[in-house]
Every structure is written in structure tokens, then in C-alpha cells.
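These notes are about the structure you will find just below.
The values are calculated or read from the model by the stated rules, or taken from the named source; none is laboratory data. In this text, all values refer to a predicted model and were calculated from it rather than measured experimentally. Note: accessible area is taken over every heavy atom of the protein model, side chains too, but ligands, DNA and RNA are not part of it. Shrake-Rupley method; radii C 1.70, N 1.55, O 1.52, S 1.80 Å.
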Amino acid sequence: MKAMKLWRNILVMIAAMLSLASCDNNDKKDGNWDSMMWEAEVQIQKTDGIYHIPTDGGTITFTCRNYSAPWIENAESGGK
């Protein structure tokens, strides 16, 4: 009977330690991610983190280097 209580107490302590170890103090909560790192296939002028695309047309492919699926926060055309 005493051995049974000892094992039960050991199991309770192990469960308590595992529950504390599983707590995560992760900084990557919703909205607190690293900035996206973009790479263009051609050289493009960039000022203060803004890419300046030529107005004469064409196609430019951007690739996000540190995320597999990008999201758009802001895009402007003609100041709008």
C-alpha cells in the first residue's frame, strides 16, 4: 500500500513538472512576427523599406525569403 502511494506521488510530480515544462513564453504571438524579407529578380530602387517600381510597365517577381506564404499589409498606386 505504501509503495502504491509512493508511485502515485511520483507520477503526480512528473505530471506537474511536464505541465510546467510545456508552458511557452513565445514572442511570436498574433501580430508580433518578424518582418518579411523580400527579394526581387531584378535590381529595384528601395528607400526606407519601400520598393519604387518603374512606371514604364513590365513584370517583376518578388520572393519572400523568410515566410512560405506572404500577406499584403499595404500597396499604393498613384498615392492611393
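At-a-glance table
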read-out	value
Qualifying positions in segment 35-52 - open to solvent by 100 Å² or more (accessible area, probe 1.4 Å) and either among the β-branched types (Val, Ile, Thr) or not in a loop (DSSP other than H, G, I, E, B) (or both)	45, 46
Meets criteria (of a type outside the set (A, V, I, L, M, F, W, C), open to solvent by 100 Å² or more (accessible area, probe 1.4 Å) and either at pLDDT below 85 or assigned to a strand (DSSP E or B) (or both)) for residue 5	yes
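Here's the yes/no breakdown for (1) of a type in the set (Asp, Glu); (2) at pLDDT 85 or above; (3) assigned to a helix (DSSP H, G or I):
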| residue | (1), (2), (3) |
| --- | --- |
| 15 | no, no, yes |
| 23 | no, no, no |
| 26 | no, no, no |
| 33 | no, no, no |
| 54 | no, no, no |
| 68 | no, no, no |
| 76 | yes, no, no |
